[in-house]
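The values are calculated or read from the model by the stated rules, or taken from the named source; none is laboratory data. Here the structure is a predicted model, which means the values were calculated and not measured. Here Cβ is always computed from backbone atoms with ideal geometry, including for glycine, and neighbour counts include all displayed protein chains.
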Amino acid sequence: MAEQHDPALRDPAPYDALLLLSFGGPEGPDDVVPFLENVTRGRGIPRERLREVGGHYFLFGGVSPINAQNRALLDALREDFAGAGIDLPVYWGNRNWAPYLTDALREVVLDGHRRVAVLATSAYASYSGCRQYRENLADALSALEAEGLPLPRVDKLRHYFNHPGFIGPMVEGVLASLADLPEDVRAGAHLAFTTHSIPDAAADGSGPVAEHGGGGAYVRQHLDVARVIVDAVREETGVAYPWRLVYQSRSGAPHIPWLEPDICDHLEDLHGAGVPAAVMVPIGFVSDHMEVRYDLDTEATGKAAELGLPVRRSATVGADPRFAAAIRDLLLERAATERGQSVRRCALGELGPSHDLCPVGCCPARSERPAAAGADSPFA
């Protein structure tokens, strides 16, 4: 970004608030089924089945780590803003559990704020990682409108998958995980970059229309991040570790094609090929929420133990101060752009910085629903 000693480029105006927008998660056993009902609303899944699905949460006392991690990120953001001399309130709202998005936006409005920058805790382009959050914003704005409240303008900050403040902590995590492997297997280890599996059709339609097909922006963005991390690790260690992008947390019907291979299948393939060790790198996740703690730390690590394959799981970004600084960077670059100023946008890899405004046809909806903060937004 532009030099921070320029006071004009430390100005968040026209924004008068930042909203952290996340997925949400249960915070006790009694929350689990109601939370899953929110997540699966409209799909007609019986409560008995949801209780079975919720077994992962019950293993951890019915508590998802995501809300605590969002609180830590809020603290990191407020500390970073204060240190940079930025006086901007930071709010937090979730899609599927308290604090709910509509309640958070209502609080923003009642506190007198009218121009809100939104940071979603999802770094990549996809329907569930971007447009669905925009649909939720539109639903919340419609609810406030029905209550007769003034509507704030909401602008979603761009995708940050390739921002140095997002990638840097992950590189450090991979290096730490490699160093933690037994020395006799370290040099032969493979890197397994993991992200959430989504239906092939959703992947193919991710990103702007020009990027559709062949896994779309979703796959291309993850591959670009993986290459950047591999190159950085090679520079630090002198070793070009073999790697592959793999997937986890599939939840769809068996007859619908989803992105593959699954991480557990990949670990079996590595073991069968005589690979001595692996590092699982969850590049698709901002923090260690349930799909990291269970799907990787419990299920995939258990599979590796059955195989006798030494594995380590590298850290997610979480509330790392570099990530908080990256969010400040994204906010200030967008603010400067909205004021008509030219600003350098930080991005590593080959894809460059993402768009500010999602164009029409970007990550198309499963069904026609209004979405805020895009070129097709029904709200000014």
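Odds and ends about this structure:
- Within region 299-336, the set of residues being more than 17 Å from residue 86 (Cβ to Cβ) and among the β-branched types (Val, Ile, Thr) comprises 301, 311, 316, 317.
- Lone unmet requirement of (1) over 13 Å from the mean Cα position of the chain (by Cα); (2) in a helix (DSSP H, G or I) for residue 193: (2)
- Hits in region 308-341 (condition: among the hydroxyl-bearing types (Ser, Thr, Tyr) and out of contact with any strand residue (DSSP E or B) (no Cβ under 7 Å at 6 or more places or on another chain)): 316, 337
- From 77, 73, 36, 101, residue being buried (at least 19 other Cβ atoms within 10 Å of the Cβ) and at pLDDT below 95: 36
- For residue 329, the stated conditions do not hold, so it cannot be described as of a type outside the set (A, V, I, L, M, F, W, C), assigned by TED's automatic domain parsing to the domain that holds residue 265 and either surrounded by 22 or more Cβ atoms within 10 Å (Cβ to Cβ) or modelled with pLDDT of 95 or more (or both).
Residues checked against (1) basic (Lys, Arg); (2) on the phi > 0 side of the Ramachandran plot:
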| position | (1), (2) |
| --- | --- |
| 240 | no, no |
| 246 | no, no |
| 254 | no, no |
| 257 | no, no |
| 275 | no, no |
| 281 | no, no |
| 289 | no, no |
| 308 | no, yes |
| 339 | yes, no |
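- Residue count for region 201-239, restricted to those that are assigned to a helix (DSSP H, G or I), more than 19 Å from the chain's Cα centre (by Cα) and not basic (Lys, Arg): 11
- For region 81-139, a residue qualifies if it is of a type in the set (Asp, Glu) and closer than 28 Å to residue 218 by Cα, and the qualifying residues are 135, 139.
- Residue 207 being in contact (Cβ under 8 Å) with a residue 24 or more places away in the chain and buried (at least 22 other Cβ atoms within 10 Å of the Cβ): yes
- Flag if residue 283 is at pLDDT 95 or above, hydrophobic (A, V, I, L, M, F, W, C), surrounded by 21 or more Cβ atoms within 10 Å (Cβ to Cβ) and not assigned by TED's automatic domain parsing to the domain that holds residue 197: no
- Residues (touching a Phe, Trp or Tyr at 6+ places or on another chain (Cβ under 8 Å) and crowded, with 21+ Cβ neighbours inside 10 Å) located in region 292-326: 292, 316, 317, 323, 326
- Every residue from region 21-42 that is touching a residue at least 60 places away in the same chain (Cβ under 8 Å) and not in a helix (DSSP H, G or I): 21, 22, 23, 24, 25, 26, 27
- Any hit, region 318-341, residues being touching a Ser or Thr at 6+ places or on another chain (Cβ under 6 Å) and touching a residue at least 40 places away in the same chain (Cβ under 8 Å): yes
- Hits in region 279-308 (condition: among the acidic types (Asp, Glu) and farther than 17 Å from residue 173 by Cα): 291, 295, 299, 306
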